[in-house]
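First up is the structure itself, then whatever we jot down about it.
A short reminder: the numbers here are calculations on the coordinates, not readings from a lab. Model, not experiment: these values are computed from the prediction. A quick note on method: Cβ atoms are made from the backbone with ideal geometry, for glycine too, and the neighbour counts reach across all protein chains shown.
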Amino acid sequence: MLNLPFFGEIAELRRKIHAYPELAFEEHQTAALVASSLRSWGVEVIEGMGGTGVVGVIKRGNSPRMIGLRADMDALPIAEKNAFAHVSRQSGVMHACGHDGHTAMLLGAARALVEHGKFDGTVVFIFQPAEEGAGGATRMIEDGLFRRFPVDAVFGLHNWPGLPVGQIAVHSGPAMAGMSALEIRVKGKGCHAAMPHQGVDPIVVSSHLISALQTIVSRNTHPCDSAVVSITQMVSGDTWNVIPNEALLRGTVRSFSDTIHDATEAAIRRVAQGVAIAHNAEIEVRVLDRHPPTVNTAPEAELSAAAATEVVGEAAVLRREYPSMGAEDFSFMLLEKPGSYIWLGNGPTEGGCMLHNPQYDFNDSAIPYGISYWVKLVEKAMPTFQNEERFS
């Protein structure tokens, strides 16, 4: 692991970002902090890409080799329940996924590479807004990210609670699932609760539908394939003695394969239609906000593993961890470019320190591992710059 005399400054930046979290496409203060920090270290900065995105560029030597390193900046609409000094000052908003740590580590990597980087080529630091379901990666791509910076490969990471600090998980192939959001409207016929025969109860219909949807994975998907259908919300009715007209269901579909995903979505529509006919109701299924799976390309996964090995040692680089059914919009960048996405150990999950929990906090002791990984990855991905005196 690298010697990082400025670790304390980067940790303080992380805590400052944590204390002032911002939601998707509102990361103005965070973006300004990122841009000013990069400029203070002599990094070329481009602001406003994809809305509130920031890009930093460091070029060394004459090699055409160019790689992208990405961190996400947005927070979540969760009320924080911690009591430490850097607790969120923004009511109902917190960094419950560690994007404050991701941003800080990439800033630390930029500073380390400015001061000591021995590489020949161009490093593009991508500080992305709106990862949490709002399409920040797509917005940056549409705004010309890879046209302006035609990287040969792009890399990302995520802190991983439950994985000890000092361990790194690397996947070849799928690392995170594809995800689509479901919205299902069940239309019945409202009536008095004492006279259900006069109506069509959308709550009963919804109950049958929810149960039937669970057969898609258990009885319609190959046992060796992975998929999850979860209904997470049901909204219906206004009072205790009225059977309502409608019920609204929401949930998600997740899988590691577009083929399985397509088949699962088709099965949901088929099952919904069958339940509707059986109960004399109408059911409308809408699929929203589909994310592809995050799939690492094999050469870039091996490059990540080699860099990780130099930081934590071969025994601490985990190659056989199960991929996660969580989704990540870095997947859109991997549709455009080869690349790799790793998990960085964040330590135990005690006290609610797990992703999207109101008591989560990024573990600052993971910062040196993240910075060191980024620096070693750059050195592995590019030829060494020949003028060594420049970095003495």
Checklist outcome for this item: Hydrophobic long helices for the chain, i.e. whole DSSP H runs reaching 20 angstrom or more by Cα along the axis with Kyte-Doolittle mean at least 0.5, come out as 298-312
Checklist entry - At what distance in nm do the modelled label points of E115 and V242 sit from each other, each positioned 7 Å from its Cα along Cα→Cβ? => result 6.6
Next on the checklist: Quick check: residue separation of D143 and N280 times 0.36 nm, minus the Cα distance between them. What number comes out in nm?
Outcome noted: 44.6 nm
Checklist outcome for this item: Ranked from fewest to most other Cβ atoms within 10 Å of their own Cβ, Y373, Y322, Y20 fall in the order Y322, Y20, Y373
Checklist entry - What shape does segment 1-60 have by the C-alpha gyration tensor, where a ≥ b ≥ c are the square roots of the eigenvalues, rounded means a/c under 1.5, and otherwise prolate means a/b greater than b/c and oblate the rest? => result oblate
Checklist entry - Over what distance in Å are the Cα centres of segment 266-341 and segment 54-102 separated? => result 21
Checklist entry - Residues in segment 250-285 near a label at D225, defined as backbone nitrogen under 13 Å from the 7 Å Cα→Cβ point? => result 254-268
Checklist entry - Among the lysines in the chain, how many pairs, 8 or more places apart or on different chains, have alpha carbons under 16 Å apart? => result 4
Checklist entry - Say R0 is 51 Å: what FRET efficiency, to the nearest 0.05, do E183 and E350 get from their beta-carbon distance? => result 0.90
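Report Rg(Cα)/(2.2 N^0.38 Å) for segment 116-208, keeping two decimals.
Normalised Rg, Cα atoms only: 1.99.
Could you order peptides 176-184, 338-346, 98-106, 276-284 by the average number of other Cβ atoms within 10 Å of their residues, highest first?
Highest to lowest by the protection proxy: 98-106, 338-346, 176-184, 276-284.
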Next on the checklist: Between D289 and A83, how high is the FRET efficiency from 1/(1 + (r/R0)^6) when r is the Cβ-Cβ distance and R₀ = 22 Å? Nearest 0.05.
Outcome noted: 0.05
Checklist entry - Length gain on complete extension for the stretch L335 to M195, per 0.36 nm per residue less the alpha carbon to alpha carbon distance? => result 44.9 nm
Item to check | Cα gyration tensor shape of segment 252-392, rounded if a/c is under 1.5, else prolate or oblate by comparing a/b with b/c | outcome: prolate
Item to check | Overall form of the chain per C-alpha gyration tensor (a/c, 1.5; a/b vs b/c) | outcome: prolate
Next on the checklist: I'd like the distance between the alpha-carbon centres of segment 189-261 and segment 120-181, rounded to an integer number of Å.
Outcome noted: 33
Item to check | Spin-label proximity, Q29 to segment 87-121 - amide N less than 20 Å from point 7 Å beyond Cα toward beta carbon | outcome: 87-105, 107
Checklist outcome for this item: Helix-only [θ] at 222 nm, the chain, -39500 (n - 2.57) per DSSP H run of 4+, per residue, nearest 500, equals -10500 deg cm²/dmol
Checklist entry - So which trypsin sites (Lys or Arg not before Pro) in segment 126-221 pass both tests, a DSSP loop state and at most 12 other Cβ atoms within 10 Å of the Cβ? => result none
